[in-house]
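Q: Below: one structure in structure tokens.
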Amino acid sequence: MADVKISQLPQASLPLTGTEVFPLVQNGVTVQAPVVTTGVLTTLAALRDTTPSNNGTANVEGYYTSGDGGGGEFYAITGAAAGTYVDNGGTIIVPTGGNGSSAWIRNYSGPVNVLWFGAYRNNTNQTETTAAIQGACAVSTDIYFPNGTYRVNFPENAPMVQYTNETSVNIIGDGALIYDTRNYTVQVINAVFDFVTCSNITVTGINYEGQPLADKSNPVSGVGYTGATFVNLSQQCLNIVVNANLKYLRYGIRGGSYSTPSEGDNNNIRANLTTLECGYPVALYLSDTVDINIYADKSHRSAYLAGVANGRVFVSFKDQYIAPVQVILTDALVATGSSRGCKNLDVSAFDRGSTLFIANSYCAAISLSRNDPDITYENIRFNIYIKSSDTVASTLGGYLINSTVDWAPTIKFSNIIVSGIIDRSAQTVSAPLYEMIVSLTGTGGPPIADNVSVENLRYFPPSGSTGSGFSFAMPGLINNAHFTDSYFGTTTPFYLFTNTTSRVDMQNCTLRGSFSNSVSDGASYISFYNCNIADVNYQVTTGNKSFVDTTIQGAGYNIRTKIVDSGVLSGASVNLNFAIPELSVVTGINGIITQQITGATGYQLGIATDLTRYGNRPGATAVGTVLPAIGASTATGPINYSGATTLVVTAIGSNFTGGRIRLAIFYYDFSNFTS
């Protein structure tokens, strides 16, 4: 047979009988080895009844029946010590009566298919399918669910599948559905997939359906109190991705615990969930870095975020059971006597048209459950959306900050911003009492509030009933609160309660309703800039006010501020031509030196017939000197100007050779009465 090519040899007769031999090189010597084959077997049970022979192979057509997806190729291992191989039901098959010295080993690469372990995907045989899924997950962290419905039933207070201390877990489906037949009755965590101190977790392409609750609104056993948990995370899991459609369960993703801090710190969570009658699509404690999208129907709370930091949460919800807030931010226990608030979050809560809702409930809220020292909520932006009618979301409000316990003065809210749309223009029945409540007052001393603000909010009240109120009670306010680029519609009471040292800025806002403010222990400072107050019921009962380019339309006058620059001062005097508008009442003029005055030793400010009407400032030449902090003026009250009038800046001592001043003229600009 020397120099004979393999291609020149005659072909062997098939099938092989097992008595053939083939040449191979072993330790540098060409030897012969037998070819052993078992052939084709119909089921895994048939394989288990076949004794492995040295170098044997087998092709199994299915687990239970040919073509059911549970078959595959196996090769034989023989001659090992007794007990070496243990039958796992899918990838290692020990022959019936064997002692573990030989086995059939599945030949595969990539993820483990649950069908290999005997899972049914035709919504039958829940016992076998539960065990099969558990068997597959016991041998691999890389699991595959082909498309189909997998009927399961596992005990309460125990996970169906649990992974601990794994660095990579991938549970991937092809649109598979886990159908849970158990009716849960105990308020415990019943996890479908439970992860403890794991990282790089992916659960996607697998959906879940449990059993619908008979009494969904029951505050003990209704939505949010019983049922399974699809994914449970505890003890510092990291890098989690979950994408699923979920029905009839208690939790979609739960990370951490209300009372056990060590279960928290599950970080970098990305999720896309669509849910129906899921109590809490997402509930997280002490998590950091999240990117979550939730489309929820009929939830208890669509998102529960306790001590969560850094990220984005978008919730689109419809209908609600039991709880009065759909997206809630609250505290999480860190240690005894120490809790953490939320920070650096962008939260959206959009109502898709709820017809089942709790009276006087809210899209989103910050609500404290503890008053431990130094709890802080900071850098949080809320975006809300409600479009109501007489039957849709008619008493669902926008936003709330409150506490279920006494406040503490060490609690702080910093840079909390709310925006969005509340459109009740198609509604004629009564709306909720308040669209927004910031209630930072009560027993225990007010918490600190720093820049608790509203931006780009549009409120359109009901067409046939009284609109809802906006209440901001912040006696602990420091620095400023801002209301910018917002519209508050007709008949809307707007209430502010602050303190003596705070400042509230209203900028580019329209208030078409009654506006009032009340203060504690004195007067706050309220600044209106470029605002439109379109109601004669406008009142500020106490407090200092400033109005810059602000119109009070109904009253027939505008409150304005005009800024005038003198230009470079030169000569005996400088005229600021027609600086005072016609048909105006000037209440006062402030000024500041913006460039050192030279030549003159001071200046006077007035009009041609009264040169010191608004200021007489000998010795005032330095940059930053203000008018009229010192120096006499003849104006003792508002002065009416029927025509445009020139202001005159007159040099004292010698002529001006340089310098510059900037003036602010405060005046009423009268127009016709409109209401």
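Bear in mind these aren't lab numbers, they're just calculated from the coordinates by the rules spelled out. Everything numeric here is computed off the predicted structure, so don't read it as measured data. Heads up, the Cβs are rebuilt from the backbone with ideal geometry, glycines too, and the neighbour counts pull from every protein chain shown.
Q: Can you pull the Kirkwood radius for segment 555-597, inverse mean 1/r over Cα pairs, to one decimal in Å?
A: In segment 555-597 this quantity evaluates to 13.0 Å.
Q: Say each of Asn165 and Asp406 gets a label point 7 Å from the Cα, pointing the same way as Cα to Cβ; how far apart are those two points in nm?
A: 4.6
Q: Also: Report the extension gain between Asp346 and Ser369 in nm, rounded to one decimal, defined as 0.36 nm multiplied by the number of residues separating them, less their alpha carbon distance.
A: Working: separation 23, 0.36 × 23 = 8.28 nm, distance 2.14 nm.
That works out to 6.1 nm of additional length.
Q: Further question: Treating the beta-carbon of each Lys and Arg as +1 and of each Asp and Glu as -1, no other charges, what is the dipole magnitude of the chain about its Cα centre, to the nearest 20 debye?
A: 1480
Q: Okay, next question. Assign unit charges at the C-beta atoms only (+1 for Lys and Arg, -1 for Asp and Glu), then state the dipole size of segment 373-479 relative to its Cα centre in Debye, rounded to the nearest 20. Don't skip to the end; give the middle numbers.
A: Details: 5 positive and 8 negative charges, 46 e Å.
I would put it at about 220 debye.
Q: How large is the convex hull of the Cα atoms of segment 185-282 per residue, expressed in Å³ as a whole number?
A: On the way: hull volume 8.1 nm³, N = 98.
Considering the Cα atoms of segment 185-282, their hull volume per residue is 82 Å³.
Q: In µm²/s, what is D for segment 204-250 at 25 °C and 0.890 mPa s, where D = kT/(6 pi eta Rh) by Stokes-Einstein and Rh is the Kirkwood radius from Cα pairs?
A: For the chosen part, D equals 200 µm²/s.
Q: Would segment 167-242 count as rounded, prolate or oblate if I go by the C-alpha gyration tensor, calling it rounded below 1.5 in a/c and otherwise prolate when a/b exceeds b/c, oblate otherwise?
A: Judged from the Cα gyration tensor, segment 167-242 comes out oblate (a/c at least 1.5, b/c at or above a/b).
Q: What full-extension length gain, to one decimal in nm, is calculated for Glu128 and Thr289 as 0.36 nm per residue of separation minus the Cα-Cα distance?
A: My answer for the length gained is 54.1 nm.
Q: A further question follows. Kindly flag which residue pairs out of Lys343/Lys387; Lys298/Lys343; Lys412/Lys562 have an alpha-carbon separation exceeding 31 Å in this structure.
A: Beyond 31 Å: Lys412/Lys562.
Q: Where the centre of each part is set by its Cα atoms, how far does segment 429-478 sit from segment 330-344, in angstrom?
A: 25
Q: Additional query: If all Cα-Cα distances of the chain are sorted into 20 Å bins from 0 onward, what percent lands in each bin, rounded to whole numbers?
A: Going out from 0 Å in 20 Å bins, the chain shows 15, 32, 24, 16, 9, 4, 0 percent.
Q: How big is segment 362-514 on each of its three principal axes, counting only the C-alpha atoms and giving the largest first in Å?
A: Result, largest extent first: 45, 31, 23 Å.
Q: At a Förster distance of 60 Å, what's the computed FRET efficiency of Ala608 paired with Val188, Cβ-Cβ distance as r, to 0.05?
A: Computed FRET efficiency for Ala608 and Val188: 0.10.
Q: What angle, in degrees between 0 and 90 and rounded to the nearest 10, separates the Cα long axis of helix 126-139 from the longest principal axis of the Cα atoms of the chain?
A: Helix 126-139 and the main axis of the chain meet at about 80 degrees.
Q: Rounded to the nearest 0.05, what FRET efficiency is calculated for Glu73 and Val241 with R0 set to 30 Å and r the Cβ-Cβ distance?
A: 0.40
Q: Shifting gears a bit: Can you grab the distance from the C-alpha centre of segment 139-216 to the C-alpha centre of segment 580-639, Å, no decimals?
A: 77
Q: Okay, moving on. I need the P(r) histogram for segment 318-391: all alpha carbon pairs, bin width 10 Å from 0 out to the longest distance, whole percents.
A: For segment 318-391, the pair-distance distribution reads 18, 41, 28, 12, 2.
Q: In whole Å, what are the Cα extents of segment 394-450 along the three principal axes, biggest one first?
A: 43, 23, 11
Q: At Ser66 and Asp565, where each label point lies 7 Å from the Cα along Cα→Cβ, what is the point-to-point distance in nanometres?
A: That separation, rounded to one decimal, is 9.3 nm.
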